[in-house]
Every structure is written in structure tokens, then in C-alpha cells.
Amino acid sequence: MAAPMSCCRRALLQRFRGQSYCIRPPVRLSSSISKILNGDVEKTELSVTGWVKSVRDQKEVAFLHMNDGSCNEHLQVVARPEMVENVTYGSYVKVKGQLVDSPKDGQTFELLAEDLKLIGSCDPDVYPFKPRTHHPLVYGREYPHLRPRTNIFGAAMRIRNAATMALHSFFQQEGYLHVHTPVITTNDCEGAGEVFRVEPHRKEIMEDIKKEDEKEGDSSNPHFFSAPAFLTVSGQLHLEVLTGAFSKVYTFGPTFRAENSRDRLHLAEFYMVEAELTDTHSLHDLTEVIEKTVKHTTEALLTNCQSDMKTYFKHVAPSEHHTHLKEMLSNDFKSITYTEAIEILIKHNEELTFKLQWGDDLKKEHEKFLVSHFGSLPLFVTDFPLELKPFYARSNEDGKTAAAVDLLVPDVGELFGGTIREERYDILREKINKLGLEADLMWYLDLRRFGSAPHGGFGMGFERYLQYVLGLQNIRDTIPFPRTVRSCRL
Ligand SMILES: NC(=O)C[C@H](N)C(=O)O
């Protein structure tokens, strides 16, 4: 082993090299609890930091459970009673000690504390969460700044992370190029007018811009971007541009909808996975990818997040949820046309609050009815009336329906929406003309003028997917900071 270098020698060396650099302190990072409990850390002296989940102070010995967010399980620390004197539920501690095999059933290792530092104290009388208590999820939502420390929300966030990785790995494996579509856009892709407007907040910024414009002769434009701009409602149109060069693309980013929906299924800001692919011949090309996406991601969660998923099966989801997911994985998704769906719904009119006829949009109630009618497994509904779908959807040969598909799942309803895009220039142009959008969508028509490739795509609301796999009633429990009508906390 080389002898340690003295300070003078180090300084000399620095001067000699004619440069000054900082000497890094030795690595002081603590071991993560998930690595420790997995057996990935040597059984030696180590230091661990985390939040206290319980303290049990007995006469001779104290037991403390700590968690650092890396996994669902807590690390048991065995300490001398005087070490935990002011340590309470919720406080943040650093423990140095010896990692040993645990004699207790159900836990692999424990830490024999040699030193325990209370770093961040926590007054249990005013801390809104209590140890060993299943707080209702709605209660947790009242404390968005502290909710991440609860076991149940911690599990949701790790599952959300794993689902993100699984989706990326699926599309990468299938040869899709990941692209970032813009958050700010001048399009309202869905044409529903549910957009949030983007303009600078400070008036002075626009005044300065206009002064600059004046030098060039025209200062009449009132918009920062020269045109009204919005937060994106879908990355689809940009993906269509990119699929015209890369064949298979996907994006996974924030999406915004200014809808007045206060129910358990809508967020004003949500994440959407959207994919676009060329060489599509029918809706089957889309449904195949959609089904694989759901199955690949769910399988990954059941394999890689067993303990966190179990928490949801045990405390949150309906009783048969785990069995349902396994059944979903081993069955092909069924598919019916919109027309067949309407026929079924009309037959069961008496059981429905909202009666409907051909041409009407399906409401949540209808989606739920159809899913349970087909065995409570995911169900594709295809070929919706043209009028119900935006301009970009391809018209079917019958002249009445569009090549569009929704995937409905139990309890949540619509999880995916997709269409084969209208690639025929003349038909598309006529639709765009009717909407008076020709000037705005010249570029979109160009995609059909120059090397038009038949293509299609779909989008999946990520939080709805999490709601579905976790068996969660309310979408607000799938995202750290939910934004909904009348609520944008933190
Ligand atoms: N990319 C997609 O097909 C999703 C579709 N634009 C939607 O927002 O429903």
C-alpha cells in the first residue's frame, strides 16, 4: 500500500503542475436500505441514513425501523436505549454500526448501532401522520409536501418509476426512437379547445419586445410567439412529423387539458406515452402494439416491484385485483366495433342511466358496462363514427366511421386512444378546409404531399395506467403533485 501523501507534498505537486484542483474528501455516502436488505452490501461497519418509521424502547435495548425511500421494507436498527432518547416517528437519523444477520423471522439483516445521530427531529404530536396507521388516501392528499414519506405513497412512486423504465425499455426494444415533443405549441391537436394559453406574465416583457419590433417597422403583434400559443394537449402532430423520417417514434411527457372535470379520473396536467408508426395497414397494427405495451409494463411491475405491488393488493385494490392482472396477462384482449357496442348498449338500455344511439359518444357508464359485459378484461372498441373523431383520423370505406380505437379497462374506462391517420392528401385537405384550418395546417398537408407514408399512433394516459394496475380509485394518488380544477398546490 502506498504511504499517505503529506499536505506539503500535495501542495508542492499542485504548484509543480501549475494548476490548482480541489482534493475530494473521502466518499461518505450511506448505503441504501434496498441494497442492504437485498444482500448487496458486505456485512461490515456501515452508515445508513433515513426516516424513522417506529421506535420501540425496551429496558435493555431499543429497536428502530428506518426507511430511506429506496424500498418498501424498513431496516431494523438495534440500539442502546439512551441512543434513541429524542428519536421519534418521522425524524431523520444517521446510524453507524455493524450489519449482521437478523435472528428475527422475515428480515434478512439488521444494524447493530454503534453511533446514532438525530439529524432532523420531528414532533410526533403535530406531525400529521402517525406510526403503524393506514391513513385514508384522501387524508394524505391534504399534505402533498409530507405525503411522499408515507409507506403507501412511497410504494406508488417507486412503481411509477419502474413503469416509466418499463415503458421506455419496451419501446426501445421494439425499435422506436424516443423524441421530445414540445410542451409549448400553436396547435390544438384534438381540436376540442381544452388548451391553456401561454403568454408572459410580466407586461414589461411584451413592451420590450414591441420596442424591438418597432425598429423593424411593425409592432402590432400582441403575442410573445407571434401567434397564440398553448400548453400541449397531445404530442401527436409533432410525432407525425418525426415518424415521416424515423418510421417509429414515441414520446413520454407532460400533457395539459383545461377541462372542467372534478372527478376521480381527470388531471389538468398528466403524462402521456404516445407512439407513432409507419407501415400500418389496419387498426390491428395499432392494437397489437397497445396490447404488448400494457402486458410488457404490467409484467415488469409484477416481477420487479413485488413488495410495493403487494402493498396495493393488500391495502388498496379490490380483493381480486392481483388475480385479475394475471388473467389479463394470459388472455388476448377482445375487440368489438363501436356499432356492435351500441347494439349491446341499446339491448341493455334499462340498466343504463344515459340511453344512447348510434353516433353518440360513449360515457364512462357505457365504457364500464361494456368492460364488465366482456368479462372485466381490457376491451378494444374500434371504428367510431367519423364525427366523434378529430380531422386526422382516417375515414373508413363505409364513409361513416373512422379507423379509430380506444382501449377500455375495468374501473378506469378509456386508457388508450389511437387512430390510423388520414394519409390521403385530397381527403385530408377537404377535412382541414371545412374546419378553416388550411393556413395553420399547411405543414401537416405537406407531410402527405411529400413521401406520404401510411401511419398511425396512439396515446396512453400514464396516470390512468397506474390507476388501473394499482386498483386505485382516484387518479390524484398516482402523481406527486396533482393539478386539477381549483387545485394547484405547491
Ligand atoms: N397520440 C395519440 O394518438 C393520442 C391522441 N392524440 C389523444 O390525445 O387522444
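Observations on the model:
- Given charges at beta-carbon only (K, R positive; D, E negative), |dipole| of the chain in Debye: 2220
- Of 87, 250, 472, farthest towards positive along the dipole that unit charges on Lys, Arg, Asp, Glu beta carbons give the chain: 87
- Net length gained if the chain between residue 224 and residue 168 were fully extended (0.36 nm per residue, minus Cα distance): 16.7 nm
- Over region 153-307, the pair-distance histogram of Cα-Cα distances with 10 Å bins from zero comes to 9, 27, 30, 20, 9, 4, 0 percent, rounded to whole numbers.
- Under 5 Å from the amide H of residue 247 lies no amide H of any residue 5 or more positions distant or on a separate chain, with H modelled from the backbone and absent for Pro and chain starts.
- Local electrostatic count at residue 250 - Lys and Arg +1, Asp and Glu -1, tallied over other residues with Cβ under 12 Å: -2
- Listed by chain and number, the aspartates and glutamates placed with their C-alpha closer than 19 angstrom to that of residue 326 are 288, 291, 299, 308, 411; residues fewer than eight positions away on the same chain are left out.
- Between amide H atoms placed 1.01 Å from N, distances below 5 Å from residue 455 occur with 280, 421, all of them 5 or more places distant or on a separate chain.
- Selection of trypsin sites (Lys or Arg not before Pro), region 185-274, meeting DSSP coil and at most 12 other Cβ within 10 Å: 202, 262
- FRET efficiency, 1/(1 + (r/R0)^6) with R0 35 Å, evaluated for residue 365 and residue 288 via beta carbons: 0.75
- For region 434-440, 3J(HN,Hα) per residue [Karplus equation, 6.51 cos²θ - 1.76 cosθ + 1.60, θ = phi - 60°, Hz, x = Gly/Pro]: 4, 7, x, 10, 4, 5, 6
- Summing Lys and Arg as +1 and Asp and Glu as -1 over all other residues whose Cβ lies under 13 Å from the Cβ of residue 442 gives a net charge of 0.
- Here the Karplus curve 6.51 cos²θ - 1.76 cosθ + 1.60, taken at θ = phi - 60°, turns the phi angles of region 287-294 into couplings of 5, 4, 5, 4, 4, 5, 4, 5 Hz, with x standing for Gly and Pro.
- Interchain or long-range residues, amide H under 5 Å from residue 401's placed H: 386, 396
- For the pair region 335-349 and region 74-115, the centres of their Cα atoms are 60 angstrom apart.
- All Cα pairs of region 270-345, percent lying beyond 16 Å: 65
- Where Rh is the Kirkwood radius over Cα pairs, Rg/Rh for the chain: 1.06
- Loop-located trypsin sites (Lys or Arg not before Pro) in region 35-82 (DSSP state not H, G, I, E or B) with no more than 11 neighbouring Cβ atoms inside 10 Å: 59.
- The Cα center of region 288-325 and the Cα center of region 368-430 differ in position by 26 Å.
- Our summary gives region 328-393 a relative contact order of 48 percent, counting only alpha carbon pairs under 8 angstrom and 6 or more residues apart.
- Per DSSP, loop chymotrypsin sites (Phe, Trp or Tyr not before Pro) in region 437-490 with at most 14 further Cβ within 10 Å: 450
- Computed per residue of the chain from DSSP H runs no shorter than four, each worth -39500 (n - 2.57), the mean residue ellipticity at 222 nm is -10000 deg cm²/dmol.
- Straight-line reach from residue 96: taking Cα to Cα under 17 Å and skipping same-chain neighbours fewer than 8 places apart, the lysines in range are 35, 43, 117.
- Only Cα pairs under 8 Å and 6+ residues apart enter the sum, and on that basis the relative contact order of the chain stands at 12 percent.
- Computed FRET value (nearest 0.05) for residue 42 with residue 178, which takes r as the C-beta separation and R₀ as 41 Å: 0.65
- Integer Hz, Karplus 6.51/-1.76/1.60 couplings in order for region 87-104, x for Gly and Pro: 7, 10, 4, x, 7, 10, 10, 10, 10, 10, x, 9, 7, 9, 5, 8, x, 7
- For region 139-283: relative contact order, % (alpha-carbon pairs under 8 angstrom, 6 or more apart): 24
Every number in this text was worked out from the coordinates using simple rules, so none of it is lab data. Note that the coordinates shown come from a computational prediction; the quantities given were computed from them, not determined experimentally. Don't worry about glycine lacking a Cβ; one is built from the backbone with ideal geometry, like all the others, and counts go over all protein chains shown.
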